[in-house]
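Working notes, structure below.
All of the numbers you see were taken from the coordinates with simple rules; none came from a lab. On a predicted model such as this, the values are computed, not experimentally measured, just so you know. For neighbour counting, all protein chains shown are included, and Cβ atoms are generated from backbone atoms with ideal geometry for every residue, glycine included.
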There are 2 protein chains.
Amino acid sequence: MDFDLALSIDVLARTPATLHALLADLAEPWVRGTEGPDTFSPFDVVGHLIDGEETDWIPRARIILARGPEVRFQPYDRFRHRARNAGRSMRDLLAEFTSLRGANLDRLRSWPLAEGQLDLPGEHPGLGPVTLRQLLAAWVAHDLGHVAQTARVMAKQYKEAVGPWVAYLPVLTDHPVPRS
Amino acid sequence: MDFDLALSIDVLARTPATLHALLADLAEPWVRGTEGPDTFSPFDVVGHLIDGEETDWIPRARIILARGPEVRFQPYDRFRHRARNAGRSMRDLLAEFTSLRGANLDRLRSWPLAEGQLDLPGEHPGLGPVTLRQLLAAWVAHDLGHVAQTARVMAKQYKEAVGPWVAYLPVLTDHPVPRS
């Protein structure tokens, strides 16, 4: 599937409501469970998505669109949320994410992005040369990856409880070694 | 995490709204995309979950609770939905799933399930002896596995569009061989 701006915005706009349906007022064992040491809980995932709104996707798009002499992005801190959100509630995080995402999509919609601008270059500190189109596509795939991760991490809390069904539920044995 | 009936029902009750937020009125390229031949699209996933409401989880729980001489379950047809839902819309499927899930959870809540009953046996045609507790835990994990699958399959539609970001988005290279 080729990148399409309108189809991308539609998915990005759904993520707050999807996570709200899955996580708001959910009991702590589901919210705080992980896949093992140094892996994200659903609570961590929402914190990480907030970090993305504040420091990753739109800030990087702005660097590209500014067309200055320096198009290299700042490195992204995958664990910024840990200290930032200590003691906060899931509902509080979901509200913050919903607000930040809404404002960022308003900003994105306000840019008159012609095809040529989608090809403008940036430089990722780890990946090298990228385009604005690839950045926006990665934002969509990143959202969906973390929705998938949230559901997978929740499922794994019942890995023992399902007994023999573990053989028929591949989600319970995905990512035996953490990949995200 | 030990099985808990109330915490399980809370997750099961969320799945229709989660899928509605992710999929209702979504464009066809997202709804019909798959991970390759003989894998499920998001449309197929919702059809498969409807089949589970009609033929799997609660019907099997009833067999266990009836405590008859025959506690062996009927085999489950993973492709029943294919012919059944040809020509229907995603919105139509989501409405049907929401209705069936609501009725099934009303039924589950109406059963006075004491601890001892959760240990009652059934026989799975492929897995052998199982308990009601394991069946209900598997229902929860099955839901979450298919939510994860839906988001993963959507993400993969942008596997090429993200360019170099594929290296940082493990969801795009999960399940290189279909597992569910």
**Request:** Would you order B:Y168, B:Y158 from fewest to most other beta-carbon atoms within 10 Å of each residue's own beta-carbon?
**Result:** B:Y168, B:Y158
**Complete:** Semi-axes a, b, c in Å (a largest) for the protein assembly as shown, each sqrt of 5 times a Cα gyration tensor eigenvalue, come to 39, 21, 17
**Item:** Rough spin-label spacing in nm, given labels placed 7 Å along Cα→Cβ, for B:D10 and A:D25
**Value:** 1.0 nm
**Request:** Please provide three numbers in whole Å: the alpha-carbon extents of segment B:94-180 along the principal axes, with the largest listed first.
**Result:** 54, 32, 21
**Item:** For chain A, with +1 on Lys and Arg beta carbons and -1 on Asp and Glu, the positive-most of A:V45, A:W139, A:L12 along the dipole
**Value:** A:V45
**Asked** What does the helix-only formula give at 222 nm for the protein assembly as shown: each DSSP H stretch with n ≥ 4 adding -39500 (n - 2.57), the total divided by the residues, and the result rounded to the nearest 500 deg cm²/dmol?
**Response** -17500 deg cm²/dmol
**Fill in**
For segment B:53-113, using Cα atoms only, the Rg and Dmax in Å read 14.1, 42
**Prompt:** In vacuo Debye scattering of segment B:1-78, one point per C-alpha: log10 I(q)/I(0) at q = 0.11 Å⁻¹?
**Reply:** -0.44
**Complete:** re chain A: pairs of Cα atoms spaced beyond 29 Å account for a percent value of 27 percent
**Message:** To test your reading of the geometry: what angle, between 0 and 90 degrees and rounded to tens, separates the Cα axis of helix B:5-23 from the longest principal axis of chain B?
**Reply:** 30 degrees
